[in-house]
Structure formats: structure tokens, C-alpha cells
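Derivation of every value follows stated rules applied to the coordinates shown; laboratory data play no part. Being a predicted model, the structure only gives us computed values, none of them experimental. Here the Cβ is made from the backbone with ideal geometry for all residues, glycine too, and neighbour counts use every protein chain on show.
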Amino acid sequence: MKIAIIGGGYVGLVSGACFAEFGVSVDVYEADSAKRSMLLEGKIPIYEPGLDRLVADNTAAGRLNFPARLEDGIAGAEAIFIAVGTPARRGDGHADLTYVFAAVEQVVLALDHPAVIVTKSTVPVGTGRKIAEIAHRLRPELEIEVASNPEFLREGSAIPDFMRPDRVVVGADSDRAREVLRRLYRPLYLIETPIVFTGLETAELIKYAANGFLAMKITFINEMADLCEQVGADVNDVARGIGLDGRIGRKFLHAGPGFGGSCFPKDTLALMRIAEEAGAPSRLIQSVVSVNDTRKEAMAARVIAACGGAVAGKRVAVLGLAFKPETDDMREAPSLPLVRGLLAAGAEVAAFDPVAMESAKTLLPEGVIFAADAAAALNGADALVLVTEWNEFRSLGPARLAQLMRQKIVVDLRNVFDQEAMRGAGFAYYGIGRKQLDFENLA
Ligand SMILES: NC(=O)c1ccc[n+]([C@@H]2O[C@H](COP(=O)([O-])OP(=O)(O)OC[C@H]3O[C@@H](n4cnc5c(N)ncnc54)[C@H](O)[C@@H]3O)[C@@H](O)[C@H]2O)c1
């Protein structure tokens, strides 16, 4: 079986390499020539654990190719996956479908055989129908089917997520489209992965509903964290106490600085717009969006309060810049408003992230000191802010911090440090939603 994937980013490249690993012949067409050249040289343009090996193995086996022309990529492909970006449109928050429709038009005009166009990109409800209209308008003589196959992988664990997903969702109206996707996902069917077949609109909505729900869960525990700080409770224990209830579940109950990343911020915004336009506005999702935005913006003030109300002239070490560990993705990362806020308040910011430094440099304002490692960032610092919970930061105990830092202030936005040990060693330690030493100081 041969398939093509349009877009070689986080989703396209991982899906392509994993389908190839299933034994399918896959052409991933990436429009960006710089990224394509890297792929042809065996270099991976993104950081994703295990991806370099998987790409190398499948390229060497001849199952995974990166053609220079889209026409070559789709030649003989039974299914063509659209895996291009769908960022939030400036101004109104709708999903920007420019890349999706441009890719669809290119594919449809170049096709010379019947095929199924599958959206893997996260697209608003109704997009599949529009793609079918475009296909039938531009190529009425060709049998082009449309299916929706939303992707649920998480950056940082994308390969295991793709290889052993909780479920696969396929939205399609025709038997042929369902049959092609059933055949493609047969290796997962054999390991008893539930394959949920639905109509197009339902599959499209499942993706937004899933991300909306998960974003809501994070936002809920973040609000509980604020409440914990006011009443002297501990949010870690609250999360455990409710998460052990099977109806609630323990995942996505980690209080923090607010969610970021390439999906939740844009998908909650898009879901809000989809619901409004459909005449069924979601007040829950509207609240999630506004509570989360406010929270991310408030993190700098929290650090400033922990530093006694002012950071002008103080050195603040920021550890972790990516929106979560095990990725170099900086999209909507909570570190961005935090660092901007600290700089605006006059702090000297020394930042370090194990893999996101290059992407961070393009997004953060001038003046940030990009340290070579965690120790260099902490050297002479008046305060440490732990923003992304990379494993290598977990081992920074109070003794090591005391050696490096000028003042003993720790703001732990991920609750990774042992607060008793920190306080025992004389640190002013501020976690999220944990019993604070000094409530009045917190914003
Ligand atoms: N990143 C995730 O964790 C994740 C998870 C699930 C779903 N999604 C969804 O998957 C989609 C892709 O996300 P991503 O993070 O992989 O984006 P990305 O920006 O990393 O990758 C998109 C790629 O498509 C390329 N591209 C754009 N137009 C093209 C065209 N006409 N032909 C060929 N290539 C083209 C771009 O150059 C880019 O490399 C989005 O809709 C996103 O919401 C992402």
C-alpha cells in the first residue's frame, strides 16, 4: 500500500515514519525546502524522542521518502493525508485554513487516479465537506473521497502515542474511504485498538471536544490551586484525592502556569468560535480560554511578589522554556509572557532549556541571557523560576542551588521540588497551590 502525507511537521513526520514502520510505503511531501533538505540529509528538523532512529530505519528500508515535488509524492497513493498547520487566525481566533485549502487544491489538481484525501490536521467542523466540494469542482471526472482522521499524539511521546493509541477516529461517508483507512490501520486493529468510525462532522468535532475537555481539566485544577493558596490546602493532594476517583482520573490534574503549546490554546479558541457560529456557544470553553490567558499573564507578577515586590536589577534564572518537557516547541509557551513581564519589570533574565533554546531565541525579546546550562543560568541568581519540568532540573537540590545562587528564592511553577527540603535549607519556596510561607506577598 502506498500513501502520501502533505506536511512534514510534528504530526506529518511522526505519522509518516510510523505508517512506514507498519510496512506501508510513505511519501512525506514538505513544502519548506530547508526542512526538506534536512530530511534528505537524514537530519530531523524537530526534537521528538526516537524520531531520528525511526526515520533513518524506514528511509534505509526504502519505505519512507521525501520527494521534492508533490506530484511525485502522491503518485499511486491510495490515501493522501493533509498534515499542514492550522494556526489561530489573527484577530478572531478561527482556525486558519489557508494551508489546508492550498494543499488540497495542489493535491486535487495534480491527482491522476482515484484517491481518498484524509485530514489529519485539526480542522473545524464542516471542513471535510468543503474539501469534497473543492475536489468535485476542480476534478469532477475523478473519484475523490474525503475522510477525517484526527490525530491525538502528544509531542514528547508522539511515537508511542501513534503506535499504541487509546483509539483511532475515522470520519467518512463512503465505504471505500473506510476500507482504505481500515486497511492502513490494520496493525493497530490487531493489537485491539478501538477504531471509532463516524461521519465526517462527528470526527472533526471529536478532536476539538477532546482538547477542550483536557484544557478544561487543567484549568479546573489551576483554579483549585489558587483556592488552595488562599485556604492553606495543597493542590497536589487535592489532585490525588480527586484523581483516584475513576470517574475523574489522575491525568491532566497537574497545577501549573497555564497551558500552552501548539494545540490547546488554538483549539480551545477555535472550538469557542465554532460553537458561537453554530448558535450553541460554550460558556465553559469561553471561560477556559480567558482563565488560562489571564493566568499565563499573571505569572511574572507572582515571581515579582516572591522577590519582595520588585525585580529591577535582580537576576532571575528561568529554567525551562518549551511549553512542556521533551519537546522544542515554543508555541504559546507560558515562559514567553513570563520572561517578557520580568524584563519589563527590569529583571536580568538568564534562561536555559535543554532543547528549545534555538526556537526560544527567535521568540523572546532582546536582552535575555541564554545560558549554556542550568548551572550557568543559576550562577549569581537572586531567584529561580522553574517553568518546564525537564527531568534534569528535578535533581537540583537545595545544596546545589545554595552554592550557585546569590539569594535563596525559588518559584516552582510545576511543583517539582521538595518544599520541605527547600524550606529546611532556608529557601523562600513558592510552589503552585501549596501552603505558602507568606501569602500576603503573592499576587
Ligand atoms: N503538534 C501536535 O502535537 C499535534 C497533535 C495533534 C494534532 N495536531 C494538528 O496537526 C496539524 C499539524 O500540526 P504540526 O504541529 O505538525 O504543524 P507543523 O507546523 O509542525 O507542521 C506543518 C508542516 O506543513 C508544512 N506545509 C504547509 N503547507 C504545505 C503544503 N502545501 N505542502 C507541503 N507542506 C506544507 C509546513 O512547512 C510545516 O512543516 C495541525 O492542525 C495541528 O493542530 C498537532
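Couple of notes before you dig in:
- Beta bridges by DSSP in the stretch 1-110, antiparallel share as percent, to the nearest 5: 10 percent
- For the stretch 1-61 and the stretch 335-360, distance of Cα centres in Å: 31 Å
- Net charge, GLY12 excluded, C-beta distance under 14 Å - Lys, Arg +1, Asp, Glu -1: -3
- Spatial separation of Cα centroids for the stretch 271-331 and the stretch 186-241, in angstrom: 18 Å
- Gaussian network model of the chain, springs between alpha carbon atoms under 10 Å - residue of LEU40, LEU184, LEU343 with greatest fluctuation: LEU40
- Approximating the spin labels as points 7 Å out from Cα along Cα→Cβ, the SER33-to-ASN379 distance works out to 4.2 nm.
- Full-extension gain in nm, LEU363 to ILE242, via 0.36 nm per residue minus C-alpha separation: 39.8 nm
- Amide H contacts of PHE81 (H built 1.01 Å from N, in plane; Pro and chain starts excluded): ALA4, ILE5, ILE6, VAL118 sit under 5 Å, all sequence-distant by 5 or more or on other chains.
- Each label was represented as a point 7 Å from its Cα along the Cα-to-Cβ direction; for ARG139 and ALA56 these points are 3.7 nm apart.
- Its relative contact order, with pairs defined as Cα atoms under 8 Å and 6+ residues apart, puts the chain at 12 percent.
- When the trypsin sites (Lys or Arg not before Pro) in the stretch 9-65 are filtered for DSSP coil states and for at most 16 other beta-carbon atoms within 10 Å of their beta-carbon, the remaining sites are LYS43.
- The simple Förster model, with R0 at 60 Å and r as the Cβ-Cβ distance, assigns ASP173 and ARG250 a FRET efficiency of 0.95.
- Available extension along the chain between PHE213 and LEU190 is 5.4 nm, counting 0.36 nm per residue and deducting the alpha carbon span.
- The residues neighbouring LEU404, those whose beta-carbon lies less than 13 Å from its own, together hold a net charge of +2 under the Lys/Arg +1, Asp/Glu -1 convention.
- Per DSSP, loop GluC sites (Glu not before Pro) in the stretch 139-216 with at most 14 further Cβ within 10 Å: GLU141, GLU143, GLU192
- Sites matching trypsin sites (Lys or Arg not before Pro) across the stretch 66-96 that sit in DSSP coil, with at most 11 neighbouring C-beta atoms within 10 Å: ARG69, ARG90
- The chain - share of DSSP beta bridges that are antiparallel (%, nearest 5): 5 percent
- Prolate/oblate/rounded label for the chain (Cα gyration tensor, a/c 1.5): prolate
- Taken along the Cα-to-beta-carbon direction at a fixed 7 Å, the label points for ASP92 and ASP293 span 1.6 nm.
- Karplus-derived HN-Hα couplings along the stretch 122-128 (A = 6.51, B = -1.76, C = 1.60, θ = phi - 60°), whole Hz, x at Gly and Pro: 7, 10, x, 4, x, 5, x
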